[in-house]
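The numbers here are math on the coordinates, done by the rules we state, and not lab data. Keep in mind that this is a model prediction, so the values were computed, not measured. With ideal geometry, Cβ positions are generated from the backbone for all residues, glycine too; neighbour counts draw on all protein chains shown.
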Amino acid sequence: MKPFTYERPADVTEALAMVAAAPGARFLAGGTNLVDLMKLQIEQPTHLVDVSRLPLGQIEDTAEGGLRLGATTTNSQVAADGKVRARYPALAQAILSGASGQLRNKATTAGNLLQRTRCAYFYDTTKPCNKRQPGAGCAAIGGIYANTAIFGASKACIATHPSDMAVALSALDAQVEIAGPDGQARAIPLDDVHRLPGETPHIETTLEPGEMITAVVLPPPPSGGQIYRKARERASYAFAIGSVAVAGGKVALGAVAHKPWRARAAEQALAGGASPAEAMAAEMASAQPDGHNDFKLKLMARLGAACLTTTGAGDDQ
Amino acid sequence: MKTSFKLNGQAASLDLDPRTTLLDALRENLGLKGSKKGCDHGQCGACTVLVNGRRINACLSLAVTHEDDEITTIEGLAQGEALHPVQAAFLEQDAFQCGYCTPGQICSTIGMLKEAADGWASLVTEDLTADTVLTDAEIRERMSGNLCRCSAYPQILAAIRSAGGVA
Amino acid sequence: MSSVKDWAAPTPISENRSGLIGKGVDRYEGRLKVTGTAPFAYEVEAPSPPAYGVLIASPIAKGQVASADISAAQAAPGVRLVWTPHNVPAQGERGAKINPRSQRGSNPALAAKIEHFGQHVGFVVADTLENAKAAAALVRFDYAPEPADLIFEDNLGAADQPEGEEDVRVGDFEAAFDRAPVRLDETYVSPLQNHAQMEPCATTAWWDGDNVTVHTSIQMVKGGQHTLAETLMIPSTQVRLLTRYIGGGFGGKGQSYDDLTLAALAARELGQPVKVAYTRQQMFQATIHRPAVHMRVRLGAQADGRLDAFALEAVTHCRREAPFTEHAANFARSLYAAPNRLTGHRLVKLDIPAAGAMRAPGEASGMLSLECAMDELAEQLGMDPIALRLRNEPETDPETGKPFSTRQLVRCMTEGAQRFGWDRRNPKPGQVRDGRWLVGLGMAAAIRGNFLLPAKAGVRIDADGTITLRQGMTDIGTGTYTILAQITAETLGVPLAQVKVELGDSDFPPAPGSGGQFGAATAGSAAFAAGMNLRKALAELATGDPNSPLYGDDPELVTFGGGNIAVDNRAEPLERLVARAAPEGVYVEGSITPAADARDYSQHTYGAHFAEVGVDPDTGEVRLRRMFGVFAAGRILNAKTAMSQITGGMIWGVGTALHEYNEVDPRYGSFIAQDLAGYHVPAHADIADLSAMFLDEVDDKANPMGIKGVGELGIAGAGAAIANAVYNACGARIRDYPLTPEKVLAALP
């Protein structure tokens, strides 16, 4: 790691000010991704502002009948919460699909959303990567690592977002609350938090510098079944090679794009009376595999259709 | 940077480079070498310790973030000559071979049993709203964050069951 | 030289009067391991606080380090030294044997010539690990890259016969294959795999004058000692190497690496202890791996299943400068009868990290081919896979005609079939469902050679009765400490608690170390011989001591038991005898050498694997549901540790079949998987109900105790049983391991 300084703010306002005051500063919550990347010098913060003890660790009912998950609620805490399990089972399943018990005990809601790709070439610092070094090129393109994007990739980057939780949150139409250094607060749909890579894959979210996520807000649970299923290369403790979240008629796909991929074409097809298989075919029509990741076409079509069938999505059309 | 926490029931104070992970602080600064470094990236679980009763990967946690925390490592489990029941079960069931992942497996087991007792679900819990029943499949899934390359998994399962794993 | 006939006589081991042999006693060092107090190499207390060394790896696959700028690193906080190829101290040339009686060549570090991606080109020592790591990132290298051959598949045409080897032919394979009414000709591919031991390579080193002490994680004590001596260009007597606890080896720590060389060099340079550990990433890129193997199997059979023609031809790869052949065809030379036979190997030399031994080298890859092919041939013939194997069970070694020392393969298969419920298998694939899962059963045979190497051991008894066995042997999790304690206690008729075992020290009588599942037989036989020699010395001591109740007795009539030495009903405790007659203690050594006629027998361990898997038709994911193995491996010394070895091996087979592979990037020569998130060893959830049993067996041709190794047998064939179960579940015959969701899904309708 490169040397850095460390401080612990008392509240959100102080945390925002601390990061604003120090160029190169970063928020540190659970650290399970940031510290990992700092060890490889992929992340090189000069200053860490430890937000893990801020009073953002609550799960609260909202007036609308949903839930507000504080930014520093741990993944374990959210997955264990009785209301989450009863009303948002796809979210609990998605969280429990990810990482390990130990990691979920540290990893936070906000940190999970902001985790970076697991692309092998992003992690191997001897390789060109436009995320690590804008303009350096992308070793994944033309490489042999196959867990890459089939939707929304660019000539600069074909990496995927590795989160399970975010895929369920996308299908659940979650909103993300963000606080900025100027005291402004805003809320945006989860779907608007992550960007597609375009020419600037190093800019992964729409958060402005110095902004921090303070909460994720779940709307009231949708009517209809929920499920999260994940395919991977071993039974546990492995990243997805493809995943599907269904909540009511809403569908999101994981490990297929630079962001949790909201399957709107599938949703429209379902609304129009399509069968699960037809709905997934409609979604996969816009996929652009690169030769190495072609298996994801069949995988996502089948897994998506199976999830839609299990939840009965489309039955009421 | 000055940091204090409670380590295996004793107060510990350190002056640390902020870059020091909890794992390296334990092993290199505090002389507690039982917690192991297998991958240093949260991918093996050999460094598992208990912080405020919950299991975490000590390799991905900066030591300075643990001010005032209560940390329990493998060295803090036995009472003198008397092994912790989970340690005794691992020995009896031959739940290890090379022994490198073992301290992490044992700490993880203790944290896992607490999580189950607290009613936490796992990926293989069929009914998320029902009480936790710690079946073999539940134990296997919940212990999957601790790799054992010697592959003592059947023996680890037996040890956890005999140490009170079956609810 | 001894003969196997000498080994048939009764011994304290075969008599097993106190019942310690075979008993599942707890691991000797278990208490240290469950309390976290067994010091591994990086954790050993040095005489003074150590400095921390960090290695820097090459980003190119082949070429030269043109220049290095170390100024920024040298100026960084806490830095003690920065080495590159331009300023690293002189070392013995690669492979040089400078000492007159050297057993190993040198292994210098930080060469300017780069032979593979990840080769170490720099080394930084600092006061703390944090400072060393930060400084290592500040060293700047310029490289002169050269074209490299990186991809095995692209270079198959350049495959050559390994030096000194010939194909083995019996009869006329081609003619027999051509005329066979039923033929199979398929190629199976096993992938490049990494050992992924949980403990990365590590060394703590310090000097005292001209003598260096190193604690390092290595399977071979003497090999490591001699290698370091050659590298440092000093006599081996000035190198003391210790390796008391090893966090997994699996063949990958059969040699030393740059941590050992550089820790020793830097400790000398700085006059301070230095410790160095590989990172997980360096474990992947800068140690050895199991190479990929292409295996062409041709079987020619009669309609009744009898094989007329059998061929297994294996093509594999190694690093250009480090010849190694994965002998994937050798196991098949002793497995099934067929009068016309062909086996052989070809080798492709690449500019990637070195291939080397990994748990059951040869069998682990090789059996993935033939044991799958037998399943395919059985289906072609409309036979049960076990029936096909029984039909081709040989009476003598099918290649050499030598008698088998023991061979219980048939019983392994039949016993296993009955206990597993093989009769419930539907021979037609894709017929059984459980919820969304397609369920199938598969089986495979297992064979793994048994070996005995020369070894010594020393044993002493002190005046308090404590018996201490010392041997330059290692315990890599195999249970060596425990079985040596059992052997020694049983041989001398004392309680287990009276025995101490000290291993992993080059000052001790030498043993070859852990590898090739020869450890228990080799080290154990030497310990047994030492124990027998101690019996003799004590018998002579007692019968010659006027104060002993045994005074004047015939030493040949002396017995040992219950901690006593006795003749008839005259007895005294060992400690009383020693305290009185030899208060300074009695020390003897013993040794074992292979019997002159041992190779007159075809000697192997055997087994049969049975697996039940589920295949998810939505994703192609395969999950193990149940696995059972039956094994015959000589006398079992410890029911508990032997079972752990066998089930551990079987789980390696699960990983081999389903998860584990690495690939070389064709542009950079680097492995795609460089950590444990990318390289998937089995996790706990992958291993469902998995168990095994041993058949009763004593192999009196193997060694004086009739034991054999069990460390590698469990993996042999295990992966093929899984692949056969996958086929039975879903009808997808995948000959390219591992059976990842991607491949299975592609093969599903």
Original post:
How many percent of the alpha carbon pairs in chain C exceed a separation of 49 Å?
Top reply: 20
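Ratio of Rg to Rh for chain A, alpha carbon only, Kirkwood?
Values: Rg = 19.0 Å, Rh = 19.8 Å.
Rounded to two decimals, Rg over Rh is 0.96.
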Original post:
Under a 5 Å amide H to amide H cut-off, with H placed in plane at 1.01 Å, what residues pair with A:Gly242 once short-range neighbours are removed?
Top reply: A:Ala231
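With viscosity set to 1.567 mPa s and temperature to 4 °C, compute the Stokes-Einstein D of region C:383-526, Rh being the Kirkwood radius across alpha carbon pairs; µm²/s, no decimals.
67
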Original post:
Could you give the length gained on full extension between A:Ile203 and A:Thr125, defined as 0.36 nm per residue of separation minus the Cα-Cα distance, in nm?
Top reply: 26.3 nm
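Work the Kirkwood hydrodynamic radius out for the protein assembly as shown: mean of 1/r over every pair of different alpha-carbon atoms, inverted, in Å. Show your work: numbers first, answer last.
Numbers: mean 1/r = 0.0317 Å⁻¹.
Radius from the Kirkwood sum: 31.6 Å.
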Subject >> Dimensions (Å) - region C:532-587, Cα atoms, principal axes, largest first >> reply: 27, 23, 19
Subject >> Computed E for C:Asn569/C:Asp464 - FRET, C-beta separation, R0 45 angstrom, nearest 0.05 >> reply: 0.95
Original post:
Near A:Lys230, which lysines are there with a Cα under 18 Å away, not counting those fewer than 8 places off in the same chain?
Top reply: A:Lys250, A:Lys259, A:Lys296, A:Lys298, C:Lys743
Subject >> Partner chain coverage, peptide B:150-163 - average Cβ within 10 angstrom >> reply: 6
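Give, in whole angstrom and from largest to smallest, the semi-axes √(5λ) of the equivalent ellipsoid of region C:681-738, with λ running over the eigenvalues of the Cα gyration tensor. Before the final figure, lay out the partial values.
On the way: eigenvalues 198, 41, 25 Å².
For region C:681-738, the semi-axes come out at 31, 14, 11 Å.
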Subject >> For region C:523-530, Karplus couplings with θ = phi - 60° (6.51, -1.76, 1.60), whole Hz, Gly/Pro x >> reply: 5, x, 5, 5, 5, 4, 5, 5
**OP:** Could you check which residue among A:Ala71, A:Ala238, A:Ala159 shows the biggest mean-square fluctuation in a GNM of chain A with a 10 Å Cα cutoff?
**Re:** A:Ala238
Subject >> Kirkwood Rh in Å, taken over region C:124-186 so that all alpha-carbon pairs contribute >> reply: 18.6
**OP:** Output ³J(HN,Hα) for region C:189-200: one whole-Hz value per residue in order, computed from phi by the Karplus curve 6.51 cos²θ - 1.76 cosθ + 1.60 with θ = phi - 60°, and x for Gly and Pro.
**Re:** 10, 9, x, 5, 10, 10, 5, 6, 4, 5, 8, x
Original post:
Treating the beta-carbon of each Lys and Arg as +1 and of each Asp and Glu as -1, no other charges, what is the dipole magnitude of chain C about its Cα centre, to the nearest 20 debye?
Top reply: 540
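Rounded to the nearest angstrom and ordered from largest down, what semi-axes does the equivalent ellipsoid of region C:636-680 get from its C-alpha gyration tensor (root of 5λ)? Walk me through the intermediate numbers first.
Working: eigenvalues 215, 18, 14 Å².
The three semi-axes for region C:636-680 are 33, 9, 8 Å.
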Subject >> Theoretical ellipticity at 222 nm over chain B - DSSP helices of four or more residues, -39500 (n - 2.57) apiece, nearest 500 >> reply: -7000 deg cm²/dmol
Subject >> Built amide H within the under 5 Å cut-off of C:Arg346, gap 5+ >> reply: C:Ala314, C:Val315, C:Thr316
**OP:** Counting residues in region A:163-294 as N, plug N into 2.2 N^0.38 Å and put the Cα Rg over that result.
**Re:** 1.14
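Taking 8 Å as the Cα distance limit and 6 or more residues as the minimum spacing, I'd like the relative contact order of region C:439-489 as a percentage.
22
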Original post:
Taking the Cα atoms of region C:490-627 alone, what are Rg (to one decimal) and Dmax (as a whole number) in Å?
Top reply: 23.6, 84
Subject >> Longest to shortest principal axis, alpha-carbon extents of chain B, angstrom >> reply: 46, 35, 29
Subject >> Charge dipole (chain C, unit charges on Cβ, about Cα centre) - positive-most of C:Ala38, C:Asn194, C:Pro555 >> reply: C:Ala38
**OP:** Starting from the exponent 0.38 and prefactor 2.2 Å, build the expected Rg for region C:622-712 from its residue count and divide its actual Cα Rg by it.
**Re:** 1.43
**OP:** Pairs of Cα atoms under 8 Å, at least six residues apart: use those to get the relative contact order of region C:666-749, whole percent.
**Re:** 12
Original post:
What whole-number value in cubic angstrom gives the convex hull volume per residue for the C-alpha atoms of region A:79-233?
Top reply: 138
Subject >> P(r), alpha carbons of region B:39-112 - 10 Å bins starting at zero, rounded % >> reply: 20, 50, 26, 4
**OP:** May I ask for log10 I(q)/I(0) of region C:1-42 at q = 0.14, 0.24 Å⁻¹, from a Debye sum over the Cα atoms as equal point scatterers with solvent left out?
**Re:** -0.61, -0.85
**OP:** Would you work out which of A:Pro201, A:Ala271, A:Thr214 lies farthest towards the positive end of the dipole of region A:191-317, given +1 charges on the beta-carbon of Lys and Arg and -1 on that of Asp and Glu, about the Cα centre?
**Re:** A:Ala271
Subject >> the protein assembly as shown, dipole about Cα centre (Lys/Arg Cβ +1, Asp/Glu Cβ -1), debye to the nearest 20 >> reply: 360
**OP:** For C:Ile565, enumerate residues with amide H under 5 Å from its amide H, sequence gap 5+ or separate chain, H modeled in the peptide plane.
**Re:** C:Glu572, C:Leu574
Original post:
Which number do you get for Rg(Cα) / (2.2 N^0.38 Å) in region C:594-749?
Top reply: 1.23
Subject >> Cα centroid of region C:376-412 to Cα centroid of region C:275-314, whole Å >> reply: 21
Subject >> Highest to lowest packing among C:106-114, C:44-52, A:177-185, scored as the average C-beta count within 10 Å >> reply: C:106-114, C:44-52, A:177-185
Subject >> Residue-by-residue Karplus 3J(HN,Hα) for region A:36-44, coefficients 6.51, -1.76, 1.60, Hz, glycine and proline x >> reply: 3, 6, 5, 4, 8, 6, 6, 9, 9
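Over 23 Å between Cα atoms, which of B:Lys36/C:Lys222; C:Lys33/C:Lys456; C:Lys23/C:Lys500; C:Lys402/C:Lys456; C:Lys222/C:Lys536 qualify? Spell out each step's value before the answer.
On the way: B:Lys36/C:Lys222 27 Å; C:Lys33/C:Lys456 27 Å; C:Lys23/C:Lys500 18 Å; C:Lys402/C:Lys456 29 Å; C:Lys222/C:Lys536 29 Å.
Listed pairs above 23 Å: B:Lys36/C:Lys222; C:Lys33/C:Lys456; C:Lys402/C:Lys456; C:Lys222/C:Lys536.
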Subject >> 20 Å tail of the calculated P(r), region C:133-265, as % of Cα pairs >> reply: 69
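With +1 assigned to the C-beta of every Lys and Arg and -1 to the C-beta of every Asp and Glu, and no other charges, what is the dipole magnitude of chain A about the Cα centre in debye, to the nearest 20?
For this selection, approximately 940 debye.
Share of antiparallel DSSP beta bridges in the protein assembly as shown, in percent to the nearest 5?
Taking every DSSP beta bridge with both residues in the protein assembly as shown, the antiparallel ones total about 75 percent.
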Original post:
Kirkwood Rh, Cα Rg: Rg to Rh for region C:211-367?
Top reply: 1.14
Subject >> Length released on extending from C:Thr559 to C:Ser48, taking residue separation times 0.36 nm less the Cα-Cα span >> reply: 179.1 nm
